[in-house]
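*Asks:* Could you have a look at this structure, given as structure tokens, before my questions?
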Amino acid sequence: MEVPVREAEVTTSALEVERKYDVGPGTPVPDLAGVPGVTSTAPAEEHLLEAMYVDTPDLRLRSAGITLRHRTGGTDAGWHLKLPAGADREEIRVQSDAGDVPAELASLVRVHVRGRDLVPVASLSTRRVVQRLLGPDGAPLAEFADDTVHGRPLPDGAELLWREWEVELLGGGRTLLDAVQVQLLAAGAAPSSSSSKLGRVLSRPRAVDGEQPWWAVGGRRGGRRTAGATVQAHLAGQVAELVARDPQVRRDLPDALHRMRVATRRLRSALTTFGPLLNRELTDPLRDELRWLAAVLGAARDAEVMRARLLALIDAERADLVLGDVREHVDAAMARRHRVAHDQVVVELDGERYLRLLDDLDALVAAPPFLPGAREDAKSVLADLVRRSWRRLDRAMAAAERAPRGLRQDELLHEVRKDAKRTRYAAEAVEPVFGRPARRYAAAVTQLQESLGDFQDGAVTRQVLLEIAAAGQPAGENAFTLGRLHAREQALAEAAVADWPLARVAVSRKRFRGWFKS
């Protein structure tokens, strides 16, 4: 039975910081009022909770550490989506009695579901006895729950019965969790054998489908790490990063656009740098699609960056040189630009082209189309590929340095920046093999990239200032401040161009490049 999707109602979000414990049916609850920092406990409350968990038939959400459920009873009835947030989880709630998945929550898991049906996969009935642990001022610090749970896999699994304790922070710090844990372990509890109630209900042996591929068996051949294993691990990490940022981008959370675009660029760069180890007929179309996705994310990210840059420039001006409401005008103009671009990002992330790309990336990670060279020793093969990347960067720097100052040199410097970024990504990708030398080399190239980034960002900023000025100012104001900002950006860009040869000298030092013998 598929669970329908409907428009969302009232949505809230909170970071869930909790610990779970297994406990026997007859174990008494200890007195938690004596925990350091806790002065009293509120009277216990009892709730009867009924929850239905939904997932794809192949449990794609559970594989990603995500739970989506509808619960009745208690103080937070409605739909709950729990997303990984480091060692903790973020819980997003939609208050609703309806049994249809809210559209907002369905959107946040689309990167995993990808058009598959969402169906009921488990039901849980919980008798919960809750105590709140209070501080000196009576404010709640944490919530202790004593749960007796009946769980059943759907549609026709056998019922399980167990008891567990759960402690969730409300206003206290993590040290409080440590103090409570001492009391609970002393009372006979043990850290939970399962990370969630759903995980306990749906636990099953992991199937082993035949022999693992050569690049997955410790990444070694004849006692040595293979080039293919290193490349596959890097690709897998960047795909995982891209997927993890998808729901954050949809919600327009800070830095989400940046991190998703960087993952996209790193993937594309890896397919270029490590192209000699891969079947390019299969990977070049992926590179093209990754270029498209980076462009989709780029407009919104650029507007986000430019808004912050322009406001910082205005704030750095002397107050008597900021005429009228220029800050408010710039802020509003760039906020509109970002909003339009972000809306388009969400449209594309909901589209079939993006979902096909995700499937293709999964296939790439599961079975990279390696050529025979990928089976060779990682150090010798990957050093050669990083050396190729360096030589391309070196040629680009030489061409830019020879060019006369002007538009042509500007274009060549932009190419240098792109090559520097690719070289940096290559060095970072092979750091697991080469360690500190690769890390130091990547840091040196990053300085070159950032130096030229100041130049490129200045060019874009000047263009945006011209567009804002051309669009007109509010009545009674003039464009004096915008003109000053344009002139300042021009001066900064000229300084960056003058200084970039110093960055070139630094990145060209042989002590940074000895590990790949350029």
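*Asks:* Calculate what fraction, in whole %, of the accessible area of the range 369-446 sits on carbon and sulfur atoms when a 1.4 Å probe is rolled over the protein chains.
*Replies:* Carbon and sulfur together cover 49 percent of it.
*Asks:* How much net charge surrounds PRO254 when only other residues with a Cβ under 15 Å from its Cβ are counted (Lys, Arg +1; Asp, Glu -1)?
*Replies:* Neighbour charge sum, excluding PRO254 itself: +3.
*Asks:* Explain nothing, just compute: Karplus ³J(HN,Hα) = 6.51 cos²θ - 1.76 cosθ + 1.60, θ = phi - 60°, for every residue of the range 189-199 in order, whole Hz, x for Gly and Pro.
*Replies:* 7, 9, x, 4, 7, 9, 6, 7, 5, 4, x
*Asks:* Among 465-471, 396-402, how do they line up by average Cβ neighbours within 10 Å per residue, starting with the highest?
*Replies:* Going by the mean number of other Cβ atoms within 10 Å, highest first, we get 396-402, 465-471.
*Asks:* State in Å² the accessible area per residue of the range 402-518; use a 1.4 Å probe, count heavy atoms of protein chains only, and round to the nearest integer.
*Replies:* Per-residue value: 50 Å².
*Asks:* Something else: Express in Å², to the nearest 10, the accessible area of ASP97 obtained by rolling a 1.4 Å probe over the protein heavy atoms while all chains stay in place.
*Replies:* Accessible surface of ASP97 is approximately 140 Å².
*Asks:* May I pose another question? List every residue whose amide H lies under 5 Å from the amide H of GLY74, counting only residues 5 or more places away in sequence or on a different chain, with H placed 1.01 Å from N in the peptide plane.
*Replies:* LEU48
*Asks:* Span-like helices, the chain: DSSP H, alpha-carbon axial extent 24 Å or more, mean Kyte-Doolittle 0.0 or greater, which ones?
*Replies:* Membrane-span-like by this rule: 227-250, 280-316, 480-507.
*Asks:* Here's another thing I want to ask about it. Here are labelled values, [x] 73, 63, 41; [y] 83, 74, 47; [z] 94, 80, 57, and one is the computed Cα extents along the principal axes in Å for what I pasted. Which one?
*Replies:* [y]
*Asks:* With the contact rule set at Cα under 8 Å and sequence spacing of 6 or more, what percent relative contact order holds for the chain?
*Replies:* It rounds to 12 percent for the chain.
*Asks:* What's the ranking of 485-491, 82-88 by average number of surrounding C-beta atoms within 10 Å, highest first?
*Replies:* Most protected by this proxy first, the peptides run 485-491, 82-88.
*Asks:* Under a Cβ-Cβ cut-off of 12 Å, what is the net charge of the residues other than ALA383 that fall near it, where Lys and Arg count +1 and Asp and Glu count -1?
*Replies:* Net of charged neighbours comes to +2.
*Asks:* At what distance in angstrom do the alpha carbon centres of the range 232-299 and the range 354-386 lie from each other?
*Replies:* Each part's Cα centre sits 14 Å from the other's.
*Asks:* Here's another thing I want to ask about it. If we sort 443-454, 173-184 on the protection proxy, mean other Cβ atoms within 10 Å, highest first, what's the order?
*Replies:* So the peptides 443-454, 173-184, ranked by packing, come out 443-454, 173-184.
*Asks:* Considering only protein heavy atoms, what per residue accessible area in square angstrom results for the range 33-113 with a 1.4 angstrom probe?
*Replies:* So the range 33-113 comes to 40 Å² accessible per residue, rounded to a whole number.
*Asks:* Okay, moving on. Give the carbon-plus-sulfur fraction of the accessible surface of the range 273-356 in %, rounded to a whole number; probe 1.4 Å, heavy atoms of protein chains only.
*Replies:* 52
*Asks:* Which Cα, out of SER193, GLY173, VAL239, lies furthest along the positive dipole direction of the chain (beta carbon charges, K/R +1, D/E -1)?
*Replies:* Result: VAL239.
*Asks:* Give me, ordered by chain and number, the residues 5 or more places off SER96 or on other chains with an amide H under 5 Å from its own placed amide H.
*Replies:* The answer is GLY78, TRP79.
*Asks:* Another one. Given a 1.4 Å probe, how much area per residue of the range 284-376 is accessible, in Å²?
*Replies:* I get 49 Å² per residue for this part.
*Asks:* Provide the per-residue ³J(HN,Hα) series for the range 27-35, in order, calculated from phi with Karplus coefficients 6.51, -1.76, 1.60 and θ = phi - 60°, each as a whole number of Hz, with x at glycine and proline positions.
*Replies:* With coefficients 6.51, -1.76 and 1.60, one gets 6, x, 6, x, 7, 8, 5, x, 5 Hz.
*Asks:* Report, to the nearest whole %, how much of the accessible area of the range 1-115 belongs to carbon and sulfur atoms, 1.4 Å probe, protein only.
*Replies:* Roughly 52 percent of what the probe reaches on the range 1-115 is carbon or sulfur.
The values are calculated or read from the model by the stated rules, or taken from the named source; none is laboratory data. Quick caveat: nothing in here was measured; it's all calculated off a predicted structure. Because the Cβ atoms are built from the backbone with ideal geometry, glycine has one as well, and the counts that use them run over all protein chains shown. Note: accessible area is taken over every heavy atom of the protein model, side chains too, but ligands, DNA and RNA are not part of it. Shrake-Rupley method; radii C 1.70, N 1.55, O 1.52, S 1.80 Å.
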